[in-house]
Amino acid sequence: MLIMIKKILFVLGLALISQLIASCVDCHCTSPQTIYFTSKGTSLKNLDSSLPLPKVTSAGTIASTNYGIQIQLLTEQITLKKQQISWGLIQSAYACSCMEDDYIPKEEFSSLKIFSNNDFDDAHPKGTDLSLYFKAKSNDTTISLADYLKSFKDFKFIPPIIFYEGIFLQVPPKSGKKHRFRVSITLSDGRILESETTEVELT
């Protein structure tokens, strides 16, 4: 019986040593950081969904069914804080899986509106909000802009590229074909970030 207990303790000891060795593997990971940022502006690019990624185009004519806008937030870092890591045996299994940085915005997005410099249809003359005519791409699906913004309020950590996949037009124009779209984002602190696309003819 004593011999059996010694064998069990020996096996457990070997397992513990192997765990400790695995925990000490140098994976060249940098320390994960918490990055606090504020939004300072936006930059817009026209998208054509028929093109390969990243689908950005400078073409003057795009099919209405393929047209989208990439919205890039221009941000400024406020503070930076290293995250505390507590190591244990269970973490050793993930010793070479580097942790990603967390991004925390100072402001939330209250609303997003889209305007054209020309009449779009009878119900949407020049300067009328067209946000209901666009949907945001999220992985393999598209959702309304309101639901897209709402979904990020459930997360504490938000990267500054949340609009990178683009917002895409769902309804073709009827009153005019050439448009410059202005995107207006209202932040929770009351500031409004605005920028405009280059002119595009939607066929």
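Read the figures in this text as sums done on the coordinates, not as results from a lab. Remember, it's a predicted structure, so these values are computed and weren't measured experimentally. Every residue, glycine as well, gets a Cβ built from its backbone with ideal geometry; the counts of neighbours run over all protein chains shown.
When the range 50-61 is examined, which residues are found to be within 18 Å of the chain's Cα centre (by Cα) and not in a strand (DSSP E or B)? The answer is Leu53, Pro54, Lys55. For Ser39, the conditions (1) of a type outside the set (Asp, Glu); (2) touching a residue at least 60 places away in the same chain (Cβ under 8 Å); (3) touching a helix residue (DSSP H, G or I) at 6+ places or on another chain (Cβ under 8 Å) all hold with the exception of (3).
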